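Colleague: Below: one structure in structure tokens.
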Amino acid sequence: VLLSGLIFLIGGLLGGRTGLIFALVLALGMNFFSYFYSHKIVLAMYRAKDLPKKNAPEIHAMVERISKKAGIPKPQIYLIPSDNPNAFATGRNPQHAVIAFTSGIAKILSKKELEGVLAHEIGHVKNRDILISTIAATLATVIMYIASMARFAAIFGGSRDSNGNSNILQLLVLAIVAPMAAMMIQFAISRSREFIADETAANLTKEPKHLASALIKLEEYSKRIPMRLGNQSTASLFIVNPFTGKGFTQL
């Protein structure tokens, strides 16, 4: 609701009543579209490909075993072509869930640590965090683009409200503040759910120390090897922020 409200606010300042109607249609459309297709957008953004069972039988066996313990269907497994060690879960419900992990994560984690990470992501699926997190990421991405439009509008003269008054300053302020607000809302959602997913993973594996050691490794390596795909608006989906390293170039 808060992210949709930001879209309304920017739309109203960009085009008055017409802009507000456009923003309303956009927000409703994006929420509807996100429910069914947001996971596909995110997977495409990170060039994730379906990982066949024959190519990674151990990982498929891990996911199947943990999913059975969690009482959910086995999620689809996707591989992201990146050396940044990371993982995320997405999808609209446990019946349409996907776990995606990078090629880099298997290079630095032991089998037990990788199992802890997979259990963490399955925890997100079991707790139904994946839909709200993915929709939040999609709406935040829309806000980033609309904020860019607002910056251009402010630079080239802005627009006028219903009384004919110029709102260049309001547009400029909103264009700067809205993306920051969107990120804060996302991370507020993400952090609270991350701790619960950690707890769920610990209960599923009965070995929380392996997840703890995995998180320490992922945090350290992500700073050295930043993600070169996607953008910051989707960072909250990952188990650790993939964009914390120096020299990050957004594609």
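The values are calculated or read from the model by the stated rules, or taken from the named source; none is laboratory data. Model, not experiment: these values are computed from the prediction. Here Cβ is always computed from backbone atoms with ideal geometry, including for glycine, and neighbour counts include all displayed protein chains. Each accessible area value is taken on the protein alone, full model and side chains, heavy atoms only, with ligands, DNA and RNA left out. Shrake-Rupley method; radii C 1.70, N 1.55, O 1.52, S 1.80 Å.
Colleague: Pairing the Cα long axis of helix 57-70 with the longest principal axis of the chain, what angle in degrees results, from 0 to 90 and rounded to the nearest 10?
Modeller: Long axis of 57-70 versus the principal axis of the chain: about 80 degrees.
Colleague: Let me ask something else. What's the extension gain from residue 22 to residue 169 if we count 0.36 nm per residue and subtract their Cα-Cα distance?
Modeller: 50.8 nm
Colleague: So which of 49/209; 54/111; 49/206 end up more than 26 Å apart by C-alpha? Write out the running numbers ahead of the final one.
Modeller: Details: 49/209 30 Å; 54/111 18 Å; 49/206 31 Å.
Violating the 26 Å limit, Cα to Cα: 49/209; 49/206.
Colleague: Let me ask something else about it. If you line up the long axis of helix 168-205 against the longest principal axis of the chain, both from Cα atoms, how many degrees apart are they, to the nearest 10?
Modeller: On a 0 to 90 degree scale, this one is about 20.
Colleague: If you take the charge dipole of the chain about its Cα centre, with +1 on Lys and Arg Cβ and -1 on Asp and Glu Cβ, which of 81, 56, 96 is farthest toward its positive end?
Modeller: 56
Colleague: Using Cα atoms only, what is the angle between the long axis of helix 111-126 and the major principal axis of the chain, expressed in degrees (0 to 90) to the nearest 10?
Modeller: Taking Cα atoms only, the helix is inclined about 50 degrees.
Colleague: Sticking with this one: Cα centroid distance between region 93-123 and region 21-63, in Å?
Modeller: The two parts, judged by their Cα centres, are 16 Å apart.
Colleague: Of all the accessible heavy-atom surface of the chain, with the other protein chains kept in place and a 1.4 Å probe, what percent is carbon and sulfur? Walk me through the intermediate numbers first.
Modeller: Values: 7860 of 12330 Å².
So the carbon and sulfur contribution to the accessible surface is 64 percent.
Colleague: With the Cα gyration tensor of the chain in hand, give its eigenvalues times 5 under a square root as the equivalent ellipsoid semi-axes, listed largest first in whole angstrom.
Modeller: Result for the chain: semi-axes of 38, 18, 15 Å.
Colleague: Counting only heavy atoms of protein chains, what accessible area per residue, in Å², does region 175-215 have with a probe of 1.4 Å?
Modeller: Numbers: 2130 Å² over 41 residues.
In whole numbers, region 175-215 has 52 Å² accessible per residue.
Colleague: Between residue 192 and residue 152, what FRET efficiency follows from the Cβ-Cβ distance if R0 is 25 Å, with the result rounded to 0.05?
Modeller: According to the calculation, E is roughly 0.10.
Colleague: May I pose another question? Suppose R0 equals 30 Å. What FRET efficiency, 1/(1 + (r/R0)^6) with r the Cβ-Cβ distance, do residue 95 and residue 61 give to the nearest 0.05?
Modeller: For R0 = 30 Å, the calculated efficiency reads 0.90.
Colleague: Moving to a separate point now. Cβ under 12 Å from residue 46's Cβ, residue 46 left aside: what net charge do those residues give with Lys, Arg +1 and Asp, Glu -1? Kindly include the intermediate steps, with their values, before the conclusion.
Modeller: Working: positive: 40, 47, 49, 228; negative: none.
Here the charged neighbours net out to +4.
Colleague: Right, another one. Could you tell me the ratio Rg/Rh of region 41-143? Both radii from Cα atoms, Rh via Kirkwood.
Modeller: Ratio of gyration radius to Kirkwood radius for region 41-143: 0.95.
Colleague: What accessible area per residue, rounded to a whole number of Å², is obtained for region 14-107 using a probe radius of 1.4 Å?
Modeller: Ligands and nucleic acids excluded, the figure is 51 Å² per residue.
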